[in-house]
Amino acid sequence: MPRAPKKIDRPYLFAVIALTVTGMFIFSSASLGLMVRGGKTFSDLIFSQFFLGLGGGIIALLILVNIPYRSYRAVAPYLFGVSLFLTALVFVPIIGVEANGARRWLDLFGVSFQPAEFLKITFVLALAWYYSMYYRKMNSIQYSLGGLCGALGVMAIVLLLQPDTGTFLILASTGVAMAMGAGVQFKHLALLGVVLLIGVVLLVLMRPYLLERVKTLIDPMGDPDASYQIKQSLIGIGSGGWFGRGYGQGVQKFKYLPEPSSDSIFSVAAEEFGFMGCVLFILMYAFLAIRGLYIASWAPDRFGGLTVIGIVILIATQSFINIGSVVGLVPFTGEPLTFISHGGTALLFTFIGVGIVLNISRYKTVRQN
């Protein structure tokens, strides 16, 4: 049985605090570009990022740290169902909000939020519940991949119609990582990988805007209009040099860089803090992931361990996809940089995930079923 709760994992907490504080400074600087352009007001940014995201997230974290994680196990599949329902509500004209050709937000009582962020956390909890229930049947492909493929199939319908391809790919990657942690056989994982690869290729071929992003990644100079964002991002990164222009002194965010406080915020950080600052940011994310996996290895049961793996991989994958898109390693997906990019809902649910991880870190004992 798990021992009495101990202190939370301090290295993980300190890494989260460091990324959060750093993120607030970078976000504040990047937001100057939006306000100068007239796209956002200071009050809008304060409410979304600092009040809803930071304030609400810290409160949620403090609550979840003190709620035993095992209490989520029985309700995990139901929470996943509720999150799917909320995510599907974006298609309802009265409350669904369309922006930039996508329907990803709900507007309830004057507050806009993205339900897909809730879906991310509940998917992790539901899959951890599933694999902890059927861990003895991992030799059967029906059980090793059945629950995962079923969940991915339903999420694909809801997310790809919005469209929100980036979120689906992140959840698929997280699901594969959790399947590996659950002990799914390699041949089953290989089959799933082939199916997902074929699905991604077909999706790219069927959607012109995705095909355009892939072409831009391969040949940035082929279409000047399509490659504008990546070129401006790289200009910002390059102009930072080794040590950057200095905090708040970046130029690209004021006029040239699209979405300086969200998609391209890493370019703002690189311009102002330079190559050395970028290396430090990446190391902070890497440490957060490695420490999280260490916590997972000491979790008292499969549900706890798989939950930590899912949340850690979710945060790491989203962060490195954002960074990779800015430096030209992967196509732009529109996914935020965790702890830093503009997005109150994303920040709120990131802290919720962190709170669950820290709660699980309080229970350190011999692994049981």
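Quick note: the coordinates plus some simple rules give every number you see, no bench work behind them. Here the structure is a predicted model, which is why all the values come from computation and not from measurement. Here the Cβ positions follow ideal geometry from the backbone for every residue, glycine too, while neighbour counts run over all protein chains shown.
Numbers at a glance
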quantity	calculated
Value at 222 nm in deg cm²/dmol, rounded to 500, when DSSP H runs of n ≥ 4 in the chain each add -39,500 (n - 2.57)	-21000 deg cm²/dmol
Among K253, K120, K231, residue whose mean-square fluctuation peaks in a GNM of the chain (springs only between Cα atoms under 10 Å)	K231
Among the listed pairs K215/K255; K120/K231; K137/K187; K120/K364, those beyond 19 Å (Cα-Cα)	K215/K255; K120/K231; K120/K364
0 to 90° range, to nearest 10: angle between helix 228-239 axis and the chain longest Cα axis	80
Reduced Cα scattering model of the chain, Debye log10 I(q)/I(0), q = 0.06, 0.08, 0.11, 0.14 Å⁻¹	-0.22, -0.40, -0.77, -1.27
The range 10-361, relative contact order [Cα under 8 Å, separation at least 6], %	29
Protection proxy ranking, peptides 121-129, 254-262, average beta carbon neighbours within 10 Å, highest first	121-129, 254-262
Packing-based ranking, highest mean first, of 17-29, 313-325, 170-182 given that Cβ atoms within 10 Å are counted	313-325, 170-182, 17-29
Centroid-to-centroid separation of the range 132-146 and the range 78-126 [C-alpha atoms, Å]	30
Alpha carbon centroid spacing (whole Å) that separates the range 190-209 from the range 247-300	29
